[in-house]
1. Find the centroid of the Cα atoms in the range 211-225 and in the range 360-419, then give the distance between the two in whole Å.
2. Taking only the Cα atoms of the range 163-220, how large is their convex hull per residue, in Å³?
3. Hey, what's the per residue convex hull volume over the C-alpha atoms of the range 166-266, in cubic angstrom?
4. Remind me, relative contact order of the range 258-328 in percent, using alpha carbon pairs under 8 angstrom and six or more residues apart?
5. Could you work out the longest stretch of the chain that avoids the GluC sites (Glu not before Pro) located in DSSP loops with at most 10 other Cβ atoms within 10 Å?
6. Starting from the residue with the highest accessible area, list Arg458, Arg313 in decreasing order, probe 1.4 Å.
7. Can you give the accessible area of Arg112, probe radius 1.4 Å, in Å² rounded to 10?
8. Using 0.36 nm per residue of separation minus the Cα-Cα distance, give me the extension gain between Cys156 and Val437 in nm, one decimal.
Amino acid sequence: MVAHRMTVALDALQTRLGEVSDLESVASGLGWDQQVMMPPGGAALRAEAMATLETLTHERFASDEVGRLLDEAAAEPDAPEDSFAASLLRVTRRDWDKARRVPGELKAELARTTAIAYEAWAEARRRSDWEAFKPHLGKVLELRRRYAECFPEAACAYDALLDDFEPGMTSVEVSRVFAQLREGLVPLIAAVARVADRVDDSPLHGDFPVERQERLVRRAAEGLGFDSHSWRLDPTVHPFATGYGTQDVRITTRYEPGFLPAALFGTLHETGHGLYESGSDPSLERTPLAGGVSLGLHESQSRLWENFVGRGRPFSGWLLEQIRHEFPREFAEVDIDRYYPAVNRVAPSLIRVEADEATYSLHVIIRFELEQDMLEGRVSLDDLPEAWNAKYAEYLGLEVPDAAQGILQDVHWSGGAIGYFPTYALGNVMAGQIWDVARAALPDLDHDLSNGETRHLRGWLTERLYRHGRTRTPRETLAHATGGTGELDPGPYLAYLREKLGAVYGLSG
Ligand code: ZN
C-alpha cells in the first residue's frame, strides 16, 4: 500500500512538473519573440504578460501541494541513487526549496528595481555616466544582499548568489581555480604581446554583405549539427540560444558587415549551447531534469565548439573552404597559414565580449574580485570605477578611457546577476578538461574535423554529457564526462592555450 501511494504521488508530481515545464516553455517562447520578432511598441504589454506567467508558474510550482507530493514520493526504499525517480525528487526538492525561501515581496521588488536599473544602465552607458547608474546599482546590491540572507547556510553572501548559476560551487573554490588561471595566463599573454606583430588579422576585416554571411554561418552551424527540421537561426542584437525540448532549438546571431568572425564564431558558440540543450535524453522532456546542469557546463560546450573545434587547426581547413565558397574574391589570397593565426590572434582589449580566447578569463577574474569586494562592502560604489581601472591596468596593461568602455560595459549588474560572471571562465576550464578526454577517446578526431565531420565528437559528448541533463549534480556531471573526480583543474586549458599560441606565435619553450 505504501509503495502504491508513493507511485501515485510520483505520477501526480510528474503531471504537475510537466505543466510547470509547459508554462516555462511559453514564457521562453514569448522571450524569444520579444527579441527576434516583436516590434518595440509591444514591450509594455509584453512585460505584463511575462509577469503574469511568472506568477502562474511560481504558484503552480512553489505550492504546498508540490511539497506534499515530494514528501509522499520520497523515501522510496530501493530507488537507486542515480535512477530517474531519485534524480527527479532530488532536483525538484532543491528547486522547490529555493523557490520557497525567497519572499514574494522581495522577488517583486527585485523585478521592479532591476527593470528600472536596466533602463538607467542603458542610458548611463550611452552617456558614459557612472554617477547616473551608481544609485541604481546601490539598490540592486542591497536587494541581492537580502536575497542572499534567505540562504543562511551559505558560507558567505557571494556563495548564496553563485549557487543559483553554478549549483554547489563556492567562492573559495572559484578563487583557487582563478588564482591558477591567472598565474598561467598573465605570462603567456605577456609573451604573446612581445611578438604581437607576427599575427595579422586583416583578412577578417573588410566588406562582407550580410546575406552572404547568413549563408556561410548556416553552413558552418550545419557542420556542427544544426538541422533545419529542429533548429532555427535568426539575427538579434544580443545573441542567445534557447531550447524547447530536443526537437526545437532556437539560436540567434549578430552580423557585423565589416568583421567576419563576429557572426561566424558567435554562431558556432550558440550552436554549442544548442547542442547541449537538444542532447538531453528525450525521456527527460517536460521534467526539471532536461537541459544543462549549470551555466559553467553550458558555457563549456559553447566554448568547446566555438574555440577548441571552430578555431582549431583541423576544422579551420574545412571552415576556410566554406568561407571561400561565399567570399571567393575576398579570400582568394588567404590560405590556411594566414587564416589560422588570424582567427587565433590574442590582444588585450577593454571590452569583455570582444576579447580573445586567452585574455577573456582575465576580464572575468576582474569582475569576480570586484563583485566580492562590493558585496562585502570592502569597496564603496564611489571607489568602484577606480578599482576597476586599477585592475585593468594590473591584469591587462590597459588604461580605461571612460566608464562606457570600463565599468558600465556589461548589462549583468543592472539585472541583479551578481555571481554570474565566474561561470564564463569556469566554462573555459571545464571545456579544457572535457576536450582532453574526448581527444584521447577519439583517435581519429583531427582527421574527422579536417573533413568537417563532427558526428563522432557529438556522439561522444552526448553520451558522456548532454544526454544526462540535470540528473546528476554539476560536479558529478563533470566527473562522469571526464572520468575524473569532478574537481576543477585549469591545467588542461592552460596547456591547450600554451600549445596553440606557442605554434601560432612561434613562442619558444
Ligand atoms: Zn555562451
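The values are calculated or read from the model by the stated rules, or taken from the named source; none is laboratory data. Being a predicted model, the structure only gives us computed values, none of them experimental. FYI the Cβ positions are ideal-geometry reconstructions off the backbone, even for glycines, and counts take in every protein chain you see. Side chains included, ligands, DNA and RNA excluded: accessible areas come from the protein's heavy atoms. Shrake-Rupley method; radii C 1.70, N 1.55, O 1.52, S 1.80 Å.
1. Cα centroid of the range 211-225 versus Cα centroid of the range 360-419: 35 Å apart.
2. Cα convex hull per residue, to the nearest whole number: 169 Å³.
3. Output value, Cα hull per residue: 160 Å³.
4. So the answer I get is 35 percent.
5. Here the longest segment lacking exposed loop sites spans 154-332.
6. Arg313, Arg458
7. Answer for Arg112: close to 140 Å² accessible.
8. Additional length available on full extension: 97.7 nm.
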